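K.L.:
Okay, handing you the structure first.
The values are calculated or read from the model by the stated rules, or taken from the named source; none is laboratory data. What you are looking at is a predicted structure, and each value in this text was computed from that prediction instead of being measured. Using ideal geometry, Cβ is built from the backbone for each residue, glycine included, and neighbour counts are taken over all protein chains shown. To get the accessible areas, we keep the full protein, side chains included, count just its heavy atoms, and leave off ligands, DNA and RNA. Shrake-Rupley method; radii C 1.70, N 1.55, O 1.52, S 1.80 Å.
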Amino acid sequence: MANYSERLNIIEQYRQRVALGKHVRLYKAEFELLVKAFVERLQPLQKPEEIQKLCKDEIALLEEGYPQLTLASDYIPRYRRAISEAIATQKLAPSQHQYLHHQRLTSFPQERDEHWALTFFKYSQEEYEHLDRRQAKTNRKRLLNLQKVNPWRYLDVLNELLLATGKFAARHRTIAIVGLTGRRFGEVVARGSFSLTSHPYLLHFEGQQKSERDGYDIITLIPAEIVLMHLERLREMSELRPFAKKQGADLKQAINKFDVQVNRECDKLLMKPGVMPPLDGKEHVTIHNLRSLWGAIATLLFCPPEQHEYAFLQHYLGHILESSATGHYFRYLLVDSQGQLLQQKGIKRQEVPPLPLLEIDHNINEASEEFVFDEIPEEARGDQELIQQRDLFIEETSTAPHRRKGKAMDIEKLQASLRQEWQQELKQVEQNLHAHWSEQITALQTEFKQQLTKLQQQLHPEAVQQLSQQVEALEAERETLVTQLKQAQQDKQEMATQLEEAQAKLNSFRQLLLGNEDIKQPPAQEKLKNTTVKTVRSTSPKPKKRGKAGQRALHIFDALRAWNDQHPEGTLAFSPGMLETMFRVHRKAGKAFCEEFQNEIEDHHAEIGVERVLTHNKGKDIDGFKQFVEAFK
C-alpha cells in the first residue's frame, strides 16, 4: 500500500501532539492522506465484520484527539463523502445490503440499499441524540451567560479596520465588513453578491452560503453605500483577487486558508479589554461571532419597538420561518460606557425611512422549504413518504389561512397590489434620498456631536480635564512639527547656497594651481541631489517631540538595527513586548512608538527575514544585546 508507511508516520506525530496538548492535532494535508489511506484499506474487504472493525478503529483513532461533537459535525462527514466518491467511481467493490431505516425525527420507515462502510462509519442513533442534547445544553449555558459589549467602542474599532493599511490590510478590512453586514465570512470575500437599494442602510444580497434561496435585503450598521464601496475595494486587493477565478473545491480551499488568517487577526484586534470578549466556554473570538454581535446592534439601531427581536433578526440573518438556528445568535448584551444595559430598540428609526416588510407569499414558501431541508437531516431527504408529507404541508400552509376566512383569495392580485404599493414607496424613498442627502449627512454629524457630548458628561471631571490637556498637547506638538519642518526646509536651502559658494571657491583655487585648464565639476545643487548620505540611519520620518520613554524606545530601535547589521546570524525582532520585558519601557509608550514606526519596523523585519515576531528572538543572545544597547551611541 503506497500510503501505509506515511500513514504510520502521521499517526505517530498526531499522538505526540495530543500527548503534548497542542491545539492542532492533524494538519489538513495529514488528514486528507489518512482518509485516502483508509479508502485504500477498504478496497479489498467484503465481509461486514471486517468493514465494521476497520471503521470502528478509525473512529477510535480520531477520538484520541477530537471530541465526539467535532467528529460528528465535521470529520466523520468528510470520511463518508470520500467513501461515497469511491463507490461512485467504482474504486470500492460492491458490498451492498438492504435494511429498514427509521428517520430520526419522524420515525418514518423505509427500505434502503447501502454500502457496509457507510453503515458503520458513523455514530449510532442514540449517540447522535446524546450529542444533540449536549449541544442544546451548551447553547442554553451561553444564553444564560451573555457577554457584554459597548456597541459604540466596537463600531469605532470596525471603522478603523475599514480603513486599514499595511501588510494585513485585507484581513482587517474583511473583519470590518463582516461585522458591519452580519454576513458569513465566505459570502463577504467571494460567494456573495451585493448591490445598493433605495434605503440608505440596506444592501440587496444574493448567494447565501448555507442554502439556496432568492436574494433579500440585509441591514448595514453604517450607510450601505460606504460599505459597498469598501467591499468592492476589498475584493480588488491582491489577497482576494484570485478568489474570483476559483470555483468548487479550489475556492473552498482558498477561503478556508484565508479564514484561518482572519481568525488570528480577530483574536489580536477584538479581544482587547472592553471591545469583544469570547463566548462562555471559549478562549478565542472568531469571525463567526461577529454575526451574533451584528444582530444585537442591528436590533438596537433599527428594530421597531413593537416587534420582537427574534422575528426581526430571523429575517435579516437570512433564516427561514421554521428555522431554529436564529436562537443561536443571541449571545451578547449591549452596555454603555458605565456598564449599564442598553435596552432600547430602533434608536435610529426616526432618522431613516422605514424598513420594508417581507412579502406574505415569500414567507409561506420559505416556511415549507424549511420544513423539508433544515429540520430533516440530509440522510432522510430521499424518503418518498417524507416527500409526500412535504407536499401535503406546502398545500395546507398555502391554503389554510384562506379557508379559515371562508372565502378564496386571489393570491396573484394580492401580490400585484403589494408589489405596486411597495414600488410606490420605493420611488418616494428614492426621491427623498436625492432631495435630502445633505440633510442626512448633517443629521449624522449632529448625532456624532451629541454622542460625544453625552460621553463627556458621563466621564469624571478629572478624565475630561486630562483629555483636554492631551488635545492641547497634541495641538502644540503639531505646531512644533510645522515649525521644525519649515526650519528644515530653510536649513536645506541655506546648505545648498553654502555648497555652491564653496564649490566656486574650490574651482578658483584649482584654476590658480592648474593654470587655465578647464575644470568640469558638477554644479553644487546637482551634486547635493545625487549624494547619498550614509551615516546614522534616521528612524523618524519627521521630527517629533517625545518623552523619556519614547526617546528610550528610539535609542533601542536604532541600536537593534545596528546589532542586526553586525550579527546577521543572530538578528532580533522589534516589538512592544521587547521594550517592556527587556528594557522596562512603559507598555503604553512602547505600543505608541511601535504604532508610529510601524512601516519602518515592518521594513526592517522584511530585510532580516522575520517570519513571526513572537518566536523570532527565541534562543538568541539577549544578554549580549542588552549590553550592546547600553554601550550604543
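K.L.:
List every residue whose amide H lies under 5 Å from the amide H of residue 148, counting only residues 5 or more places away in sequence or on a different chain, with H placed 1.01 Å from N in the peptide plane.
P.N.:
It is 333, by chain and number.
K.L.:
Separate question: Once label points are set 7 Å from the Cα along Cα→Cβ at both residue 204 and residue 47, what is their separation, rounded to one decimal in nm?
P.N.:
Taking the simple label geometry, residue 204 and residue 47 are separated by 6.4 nm.
K.L.:
Compute the distance from the alpha-carbon center of the range 1-72 to that of the range 170-227, in whole Å.
P.N.:
If we compute the Cα centre of each part, the gap is 39 Å.
K.L.:
Separate question: Taking amide hydrogens as modeled 1.01 Å from N in the peptide plane, which residues meet the under 5 Å criterion relative to residue 217, leaving out close sequence neighbours?
P.N.:
Here 205 satisfy the definition.
K.L.:
Sort the following peptides by mean Cβ neighbour count (other Cβ atoms within 10 Å, averaged over residues), highest first: 572-585, 166-179, 273-286.
P.N.:
Highest mean packing first, the order is 166-179, 572-585, 273-286.
K.L.:
Roughly what % of Cα-Cα distances in the range 549-633 sit above 16 Å, to the whole percent?
P.N.:
Result: 47 percent of Cα pairs exceed 16 Å.
K.L.:
Please report the orientation-averaged projected area of the range 183-266, defined via the convex hull of its C-alpha atoms, in nm².
P.N.:
Averaged projected area of the range 183-266's Cα convex hull equals 5.9 nm².
K.L.:
Decide, for the range 38-87, between rounded, prolate and oblate: order the square roots of the alpha carbon gyration tensor eigenvalues as a ≥ b ≥ c, take rounded if a/c falls under 1.5, and otherwise choose prolate if a/b is larger than b/c, else oblate.
P.N.:
Since a/c reaches 1.5 but b/c is at least a/b, the shape of the range 38-87 is classed as oblate.
K.L.:
Continuing with the same structure: Mind jotting down the three principal axis lengths of the range 270-322 based on Cα atoms? Whole angstrom, largest first.
P.N.:
34, 23, 16
K.L.:
Also, quick follow-up: Calculate the FRET efficiency for residue 152 and residue 588 from the Cβ-Cβ distance with a Förster distance of 30 Å, rounded to the nearest 0.05.
P.N.:
The calculated FRET efficiency here is 0.85.
K.L.:
Something else now. Convert each backbone phi in the range 8-21 into a coupling constant with the Karplus relation 6.51 cos²θ - 1.76 cosθ + 1.60 (shift: θ = phi - 60°), then list the ³J(HN,Hα) values in order as whole Hz, x for Gly and Pro.
P.N.:
Result, rounded to whole Hz: 4, 5, 5, 4, 4, 5, 4, 5, 5, 5, 4, 5, 7, x.
K.L.:
Same structure, new question: With a 10 Å radius around each residue's Cβ, average the other Cβ atoms per peptide and rank 292-305, 472-485, highest first.
P.N.:
With the highest mean Cβ count within 10 Å placed first, the list reads 292-305, 472-485.
K.L.:
Let me ask another. Between residue 129 and residue 225, what is the label-to-label distance in nm when each label sits 7 Å out along the Cα-to-Cβ direction?
P.N.:
5.8
K.L.:
Simple spin-label model, 7 Å along Cα-to-Cβ: residue 11 to residue 555 in nm?
P.N.:
It works out to 6.1 nm between the two label points.
K.L.:
Length gain on complete extension for the stretch residue 196 to residue 241, per 0.36 nm per residue less the alpha carbon to alpha carbon distance?
P.N.:
Value of the extension gain: 14.0 nm.
K.L.:
Quick check for you: with a 1.4 Å probe and neighbouring chains kept, what is the accessible area per residue of the range 7-78, in Å²?
P.N.:
Here the residues of the range 7-78 average 55 Å² of exposed surface.
K.L.:
Okay, next question. Which order do peptides 8-19, 612-623, 590-601 fall in by mean Cβ count within 10 Å, highest first?
P.N.:
590-601, 8-19, 612-623
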